[in-house]
Amino acid sequence: MDKFYCEYCGQEFPSVRILTASNCGYHPNGNYKGKHKLYEGSVKSRYTCKYCGQQFPNLHVLTHAKCGRHPDGNYRGYHSPAL
């Protein structure tokens, strides 16, 4: 069975339809001000932040930590997965 993940929050969903139907608490426009976004990268054993290169064990942990090299300023945004 396929699993689908949100790029913003790392939450797992059973289908793309369900993923894109609800608002995301980690959306870049603000909490719940936009829909979840499908993570289009592959499933990996470690995920790398595209801003700082730090590695994490899963998307959930990566997307819930503030990034020291975020484009909005140091620790003003969350890590984002590199595809």
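Take the solvent-accessible surface of the protein heavy atoms, probe 1.4 Å, and return the percent of it on the chain that carbon and sulfur atoms account for.
Working: 2480 of 5290 Å².
Carbon and sulfur: 47 percent of the exposed surface of the chain.
Count the lysine pairs in the stretch 1-60 whose Cα atoms lie under 20 Å apart, taking only pairs 8 or more positions apart in sequence or on different chains.
Number of lysine pairs found: 4.
Just to confirm, what accessible area per residue do you get for the chain at 1.4 Å probe, in whole Å²?
64 Å²
Computed over the Cα atoms of the chain, what is the ratio Rg over Rh, Rh following Kirkwood? Could you put the intermediate results ahead of the total?
Numbers: Rg = 12.3 Å, Rh = 12.8 Å.
My calculation of the ratio gives 0.96.
The values are calculated or read from the model by the stated rules, or taken from the named source; none is laboratory data. Computed from a prediction, not measured in an experiment: that's the story for all the values here. Just so you know, the surface numbers come from the protein's heavy atoms only, side chains and all, with ligands and any DNA or RNA stripped out. Shrake-Rupley method; radii C 1.70, N 1.55, O 1.52, S 1.80 Å.
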